[in-house]
Amino acid sequence: MMSLAGKTALITGAGRGIGKGCALALARRGAAVLLNDKPGSPDLARTAAEIKALGVEAAALEADVFSREGCESLLRRALAHHGGLDILISNPAYSVRGAFLDYDPGLFERVLQGTLVAGFHISQLAARQMVARGAGGKLLFISSVHGSIPMRNAIAYNAAKAGLNHMAMSIARELIEHKINVNVIEPGWIDTPGEHETFGAAVLAEQGAQLPWKRLGSAADIGSAAAFLCSAEADYITGTILRVDGGYMHKDA
């Protein structure tokens, strides 16, 4: 197993789902993890306790990363726990589906704010302290196959994830000289609590069976990919979008 011993990682949206899967994967490889979720999250403390039970350092940091002020507060508290960050996994997201012709303009802006703009704020702040330390680092953005596929009734989320992909590639170009690796994971359809709330267990089971891999992805699948891209084994990889989708892009229509 790839070792991340001695590394400190901040993971946003880490209370449950993909963020939790990434946090667990990094912790199992020895990284100290700083877990963020929205204020009042019912999941954050439980995830922190689960990681501490592995014998790994973990801290739960509530903050609203949809705002610049929330991101600044989060970074201050993260750096108070550790002198610097080696890894950021940027995983904020907000999605409400709806048809383009009827979609509420304010909701469109909210989805972009929570999915794209939030990623800019937290990554810029984390990257600034990585550059100041002069020891390189890893920035990893969690995107979606929505960034590559114009899915129906997902106009805002599609746009936000496509923008996130391009933003990450732009950041990668600018941070090359600082030896900061910047990469993206595009999950396919992943079995998470949020998907269960949106679609229900029956729909997820039906859709999973239709995928080439004959199942939905798991948060652990994304976590394993994240651990690789955050490890020394991936030091020569930057500006890359890694699709982790069980063949979603190749499924029959």
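The values are calculated or read from the model by the stated rules, or taken from the named source; none is laboratory data. Predicted, not measured: the structure shown is a model, and the values here were computed from it. Here Cβ is always computed from backbone atoms with ideal geometry, including for glycine, and neighbour counts include all displayed protein chains.
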* Among the residues of region 194-210, is there at least one that is closer than 19 Å to Gly147 by Cα and either within 21 Å of the chain's Cα centre (by Cα) or among the basic types (Lys, Arg) (or both)? -> yes
* If you check Ala59, Ala53, which single one turns out to be under 15 Å from Ala23 (Cβ atoms), of a type outside the set (Val, Ile, Thr) and buried (at least 18 other Cβ atoms within 10 Å of the Cβ)? -> Ala59
* Structure fact -> With the first residue restricted to region 140-156 and required to be buried (at least 16 other Cβ atoms within 10 Å of the Cβ), and the second required to be at pLDDT 95 or above and assigned to a loop (DSSP other than H, G, I, E, B), Cβ contacts under 7 Å at 6 or more apart or on different chains are Leu140/Cys230; Ile155/Tyr103; Ala156/Tyr103
* To do: Search region 1-22 for residues being closer than 15 Å to Ile122 by Cβ and part of a helix (DSSP H, G or I), and hand back the single one that is farthest from the chain's Cα centre (by Cα).
  => Cys22
* Among (1) more than 24 Å from Gly15 (Cβ to Cβ); (2) of a type outside the set (A, V, I, L, M, F, W, C); (3) at pLDDT 90 or above, which single condition is Ser224 missing? -> (1)
* To do: Report whether or not Ile185 is part of a helix (DSSP H, G or I), β-branched (Val, Ile, Thr), buried (at least 17 other Cβ atoms within 10 Å of the Cβ) and in contact (Cβ under 8 Å) with a residue 40 or more places away in the chain.
  => no
* To do: Please work out which residue is nearest to Gly13 (Cα to Cα), limiting yourself to region 74-86 and to residues that are without any contact (Cβ under 8 Å) to a residue 60 or more places away in the chain and out of contact with any Leu (no Cβ under 9 Å at 6 or more places or on another chain).
  => Arg76
